[in-house]
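> Please see the structure below; I have some questions.
The values are calculated or read from the model by the stated rules, or taken from the named source; none is laboratory data. These numbers were taken from a predicted model, which means no experiment stands behind them. Every residue, glycine among them, receives a Cβ derived from its backbone with ideal geometry; neighbour counts consider all protein chains shown. Side chains are part of the model used for accessible areas, which takes the heavy atoms of the whole protein and leaves out ligands, DNA and RNA. Shrake-Rupley method; radii C 1.70, N 1.55, O 1.52, S 1.80 Å.
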Amino acid sequence: MVREAFRENVKELEQELLSMGEMVTRAVTRSVEALKSRDMDEAKRIISEDLLINKKRWDIEEKCINLIATQQPVATDLREIIALLNISTDLERMGDHAEGIAKIVIMLGDEPLVKPLIDIPQMAGKAFGMIKRSLEAFVKRDAKTAREICHEDDEVDRLYDQVYRELLSFMLEDPKTITRATYLMWAAHNLERIADRVTNICERIVFLVTGTMEEISVSKY
Amino acid sequence: MDKIVTKALSLFYGEKRILKEIDLKIPQNNITAIIGPSGCGKSSLLRCMNRLNDLIPESRIEGQILFDGKDLYAENTDVVEIRRRIGMVFQRPNPFPKSVYDNIAYGLRINGIKNKKKLSEIVEKSLKDSGLWEEVKHQLNTSAMELSGGQQQRLCIARALAIEPEVILMDEPCSALDPAGTFKIEELMIKLKQQYTIIIVTHNMQQAARVSDFTGFLYLGQLIEFGHTNQIFTIPEHKLTENYITGRFG
């Protein structure tokens, strides 16, 4: 294989990672849409399609292992492969969080929502943007942008706080809402975790570019 | 498609059995690496494939080697023609003590090509195909012995390519080269496999892993394992292979 072919392989893997990123962002957006529209069929589709995201992750991992075993990458080359491995793992977990939201749609069934969804879609929008830009930063090897994205996690944490307090007040006011409010809290928690995972990706980009492991932003949760 | 197939191939030097019933399929337009500790028979196996072992007295084979489906050791086989179709590059660069140009033209003249224009065309093409042209195009008439080791080895590859072989056997082609020279040969091999079937014998496992599509592990004259290089270097089936590639012996 050697250098030229190795570069091509890394490029191909990057493309696969980007397409995995698209699958994940789509799943996140669709899961929150399904929650808003209470679309249980769509939720079931999201759950079954999570298997495709998992498979993609295994494919990427297998190719990374092959490259490590056969090409003996060192320095930046090695950090690239390690970054691809880690980022694919984080994306796969984000897919699981989207699946988690889809499962909540099913658990909620036909029960009315305790409140109109405002902050949760905002969290989803924010997380969506963070995932997309983190992957762009990865492709451009842009550590500066990666650091900036990490700090956006604070905004997602703030929205989560807001949802949490609001839902808690509903529960205190009317214990009959506890189950439904808890479901929504779980949905918000899934989104909060997705944003945390983006910060992992960003830290990995910084490591790839600088060779230094940095804890850039410590999530409140 | 399999370019070369060995069937229960055994090789003897006198009473001594060097290779033991080797069944191997060499796929066309791929690079196949044969790895194994010193003395395991990997060079001997390679030399069976263009009948170079014929030159060793008391050597004989049992079993069969099929080249494009035809028995390589059949009685009416033209050995010279076989060695033209199955070229070889050796461990140490062995250019003739002649000019760069003549190193390549020599074999062509022997094969009956006398036309100067035609000769020059083939020399240029071979040097381009071996990635050497840009480095030597202004010194075609200087002695090949003045080239660096890596350049000499690429010249030997150019010489092998000039007579349009179908298979190139490489016996430790980089063991006498520095990392830069090794790197160039490896890049070259990847390019050449589009047109040729390449079999490389190497004790450098990392090289086998880097360049080859298939790998065979030979131990004490036996083919222990053969498979896709990715598989051999990530999940080898045999414990012996694992022990060898992880450096536990050999």
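> For the structure I just gave you, tell me whether A:A124 is more than 17 Å from A:H97 (Cβ to Cβ), at pLDDT 95 or above and open to solvent by less than 20 Å² (accessible area, probe 1.4 Å).
So A:A124 does not fit the description; no.
> Which pairs have Cβ atoms under 8 Å, sit 6 or more apart or on different chains, and link a residue in segment A:125-154 that is among the hydroxyl-bearing types (S, T, Y) to one that is open to solvent by less than 20 Å² (accessible area, probe 1.4 Å) and in a helix (DSSP H, G or I)?
Listed by first residue and then by second, the contacts come to A:S134/A:A146; A:S134/A:I149; A:S134/A:V198; A:S134/A:I201; A:S134/A:C202; A:S134/A:I205; A:T145/A:A137.
> Which condition number does B:V201 fail, the rest of (1) more than 13 Å from B:C40 (Cβ to Cβ); (2) modelled with pLDDT of 95 or more; (3) in contact with a helix residue (DSSP H, G or I) (Cβ under 6 Å, 6 or more places away or on another chain) being met?
Here B:V201 clears every test but (1).
> I'd like to verify a number: residues in segment B:113-143 that are part of a helix (DSSP H, G or I) and under 14 Å from B:K191 (Cβ atoms), how many?
Going through segment B:113-143 one residue at a time, the tally reaches 6.
> Does A:V105 satisfy being open to solvent by less than 50 Å² (accessible area, probe 1.4 Å), touching a Ser or Thr at 6+ places or on another chain (Cβ under 7 Å) and farther than 20 Å from A:R197 by Cβ?
Against the criterion (open to solvent by less than 50 Å² (accessible area, probe 1.4 Å), touching a Ser or Thr at 6+ places or on another chain (Cβ under 7 Å) and farther than 20 Å from A:R197 by Cβ), A:V105 does not qualify.
> Taking the criterion of being closer than 20 Å to A:F207 by Cβ, more than 14 Å from every other protein chain (Cβ to nearest Cβ), surrounded by 19 or more Cβ atoms within 10 Å (Cβ to Cβ) and of a type in the set (V, I, T), would at least one residue in segment A:19-31 satisfy it?
No, segment A:19-31 has no match at all.
> If you take the residues of segment B:33-82 that are assigned to a helix (DSSP H, G or I), open to solvent by 20 Å² or more (accessible area, probe 1.4 Å) and among the charged types (D, E, K, R), which of them is farthest from B:T6 (Cα to Cα)?
Checking each candidate, the answer is B:E81.
> Also, quick follow-up: Would you be able to say whether some residue in segment B:89-107 is more than 17 Å from B:L192 (Cβ to Cβ), of a type in the set (D, E) and at pLDDT 95 or above?
Yes, segment B:89-107 contains at least one residue that is more than 17 Å from B:L192 (Cβ to Cβ), of a type in the set (D, E) and at pLDDT 95 or above.
> Any residue at all in segment A:8-15 that's free of Cβ contacts under 8 Å to residues at least 40 places away in the same chain and either within 14 Å of another protein chain (Cβ to nearest Cβ) or surrounded by 15 or more Cβ atoms within 10 Å (Cβ to Cβ) (or both)?
yes
> Follow-up question, since we're still on this one. Residue check: is B:I86 in contact with a Gly (Cβ under 7 Å, 6 or more places away or on another chain) and touching a residue at least 60 places away in the same chain (Cβ under 8 Å)?
no
> Still on this structure, please answer the following. Within segment B:83-111, which residues are of a type outside the set (S, T, N, Q) and part of a loop (DSSP other than H, G, I, E, B)?
Residues satisfying the conditions are B:F90, B:R92, B:P93, B:P95, B:F96, B:P97, B:K98.
> Can you name every residue in segment A:61-91 that is touching a residue at least 60 places away in the same chain (Cβ under 8 Å), more than 30 Å from B:I35 (Cβ to Cβ) and either open to solvent by 10 Å² or more (accessible area, probe 1.4 Å) or not small (G, A, S) (or both)?
Within segment A:61-91, A:N86, A:I87, A:D90, A:L91 qualify.
> Next question. Go over the candidates A:R197, A:R133 one by one and state the one that is touching a Lys or Arg at 6+ places or on another chain (Cβ under 8 Å) and either closer than 24 Å to A:S31 by Cα or open to solvent by 70 Å² or more (accessible area, probe 1.4 Å) (or both).
After ruling out the rest, the residue left standing is A:R197.
> Could you check B:I168 against (1) assigned to a strand (DSSP E or B); (2) open to solvent by 10 Å² or more (accessible area, probe 1.4 Å); (3) not hydroxyl-bearing (S, T, Y) and say which number it fails?
If we test B:I168 against (1) assigned to a strand (DSSP E or B); (2) open to solvent by 10 Å² or more (accessible area, probe 1.4 Å); (3) not hydroxyl-bearing (S, T, Y), just (2) comes out false.
> Kindly establish whether B:K117 is in contact (Cβ under 8 Å) with a residue 40 or more places away in the chain, surrounded by fewer than 19 Cβ atoms within 10 Å (Cβ to Cβ) and over 17 Å from the mean Cα position of the chain (by Cα).
no
> Moving on. Report, by residue number, each residue of segment A:164-194 that is among the hydroxyl-bearing types (S, T, Y) and open to solvent by 60 Å² or more (accessible area, probe 1.4 Å).
Those that are among the hydroxyl-bearing types (S, T, Y) and open to solvent by 60 Å² or more (accessible area, probe 1.4 Å): A:Y164, A:T179.
> Go through (1) polar (S, T, N, Q); (2) within 28 Å of A:L84 (Cβ to Cβ); (3) free of Cβ contacts under 8 Å to residues at least 40 places away in the same chain one by one and return the number of the condition A:T182 breaks.
(2)
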